[in-house]
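Notes follow once the structure below has been shown.
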Amino acid sequence: MSAGAASGQAAAVEAALALVDGATIVADASALILAASENPGGTELAAVRMLETIASRLGGRSRRQLVAPGRPNLSVRFGPDPSAEAPGVLVLGHSDVVPAGDGWHADPFSPRVADGWLTGRGATDMKGGLAAALQALAAVHRARPELPLELLVTVDEEDLATGVQAHLGEPPSHYRACIVAEPTDLAVVIACRGAANLQVDVAGRAAHAGRPEDGASAITTAARIATWIADDHARLRAGAFGLLGSATWSVGRIEGGHGTSIVPDRCTLLVDRRLMPGETGAEALAQLEAGIADALGDGGCTASAALLMEMPGFETAPGHPLVAAAVDALAAEGREAPVEAWTAACEGGFIARHHGCPTVILGPGDITGQAHQPDERVRIDDLEAAARAYVRMALALHDAG
């Protein structure tokens, strides 16, 4: 690179960073918190409308994709549309939040700023990240209007992921990279397991508990299936390796029977299966079905399993330019920038698979200490640092080609 080109790139970075304003990010994040979008329990429409208002003020152009009544995905683009000749940088987020629940010291949807923190449902997961991303993309656009940039905001991320699955019905586009703005406490997450939610229904035969041999206990059979799940989980963990370790099984709920004196003729298990990158929910379902066949025995019960939801995982090589851009961007902001894997799941795997683009997760807020909890909050300094990091990443990725 010539000295002149390097000087021009540095000038663009400084020009864009000068447009990042922490107070405006807090104001926009507060407006998004006010636009309550609990899921389940409501719609994301108010939050989407507020995002459109912010985007319009910043010079972005918005497009909705209706997923269900009152539940539109939103795409906000700056600059030209991404193309094979000029791939874009995509930032991914979601507009819904989990229900507020109990235990708050004030109204969850009345944002509060105090002692360097913004508090309210969604402050961390992830309306703070959305506000930071929008301002960052707008700042890059002002400095380099020829660069294609996009923020994709899905609905229903916190429940069934119907929003991102609707997005998969659209043709793949051309992106250099995807940055998922979920809260990572500003760590660079390069690997993320996927998740599959499965349901097992066991059918038995009711009888009087005084003669249990006349019936077939669905609960006893379900217990054998749960034991198989625990044993297979231990097998998977024994083979753990790399950043992500291994796939996992967990029985999250079991429900069955009618009363103490009745042999239960039904039982249902809800099962969580964490997926390794490249592994599918269909594969996990097939494994579970094989385990059910082993566990049924000749007790007179039958069982079936179904896949309720699948979220794929992803893994980006530590040496990829996207990872370097993220680490360098955070280091320039005086942040440690650890490179990590996530034990949670996110929609980044859908994007990586559908668009074929490298993906990282990087955002303000603490996923384990703040998200989904009463008095959810995010550090205001982290909101601004995230926006500045997104600016540096977008420019570095485009300049690297």
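Quick notes on this structure:
- Normalised by the number of residues in segment 218-320, the average gap of Cα pairs under 8 Å and 6 or more apart makes the relative contact order 28 percent.
- Using alpha-carbon coordinates, inclination of helix 22-34 to the longest axis of the chain, degrees: 40
- Taking every alpha-carbon pair under 8 Å whose residues sit at least 6 apart, the chain reaches a relative contact order of 24 percent.
- Using the Cβ-Cβ distance between L243 and H320 with R0 = 22 Å, the FRET efficiency computed as 1/(1 + (r/R0)^6) comes to roughly 0.95.
- Angle in degrees between helix 281-296 and the longest Cα principal axis of the chain, rounded to the nearest 10: 20
- Antiparallel bridge percentage (DSSP; both residues within the chain; nearest 5): 75
- Backbone phi angles across segment 104-120, fed through the Karplus curve with coefficients 6.51, -1.76 and 1.60 (θ = phi - 60°), yield HN-Hα couplings of 7, 8, 7, 4, x, 9, 10, x, 10, 10, 7, 6, x, 10, 10, 10, x Hz in residue order; Gly and Pro are listed as x.
- Protection proxy ranking of 92-99, 41-48, 193-200 - average other beta-carbon atoms within 10 Å, highest first: 92-99, 193-200, 41-48
- Distance between the modelled labels on D381 and A209, one decimal in nanometres: 6.0 nm (7 Å Cα→Cβ projection).
- Cβ-derived FRET efficiency at R0 45 Å, D102 paired with A223, nearest 0.05: 0.85
- Each of T268 and L160 was given a label point 7 Å from its Cα along the Cα-to-Cβ line. The distance between the two points is 1.3 nm.
- With Cα atoms, 0 to 90° folded angle of helix 3-17 axis to the chain main axis: 70
- Added length on full extension, which subtracts the Cα-Cα distance from 0.36 nm per residue, S83 to A234: 49.8 nm
- Taking 0.36 nm per residue of separation and subtracting the current Cα-Cα distance, fully stretching the chain between H372 and S261 would add 36.0 nm.
- FRET efficiency, R61 to M309 (Cβ-Cβ, R0 35 Å, nearest 0.05): 0.65
- Entry note, the chain: the mean residue ellipticity at 222 nm calculated from DSSP H runs of n ≥ 4, each adding -39500 (n - 2.57), is -11500 deg cm²/dmol after division by the residues and rounding to the nearest 500.
- Distance between segment 293-326 and segment 1-60 - C-alpha centres, whole angstrom: 34
Bear in mind that the values in this text are calculations on the coordinates, not laboratory data. The shown structure was predicted, so the numbers you read here are calculated from the model rather than taken from an experiment. All Cβ positions, glycine included, derive from the backbone under ideal geometry; neighbour counts span all protein chains shown.
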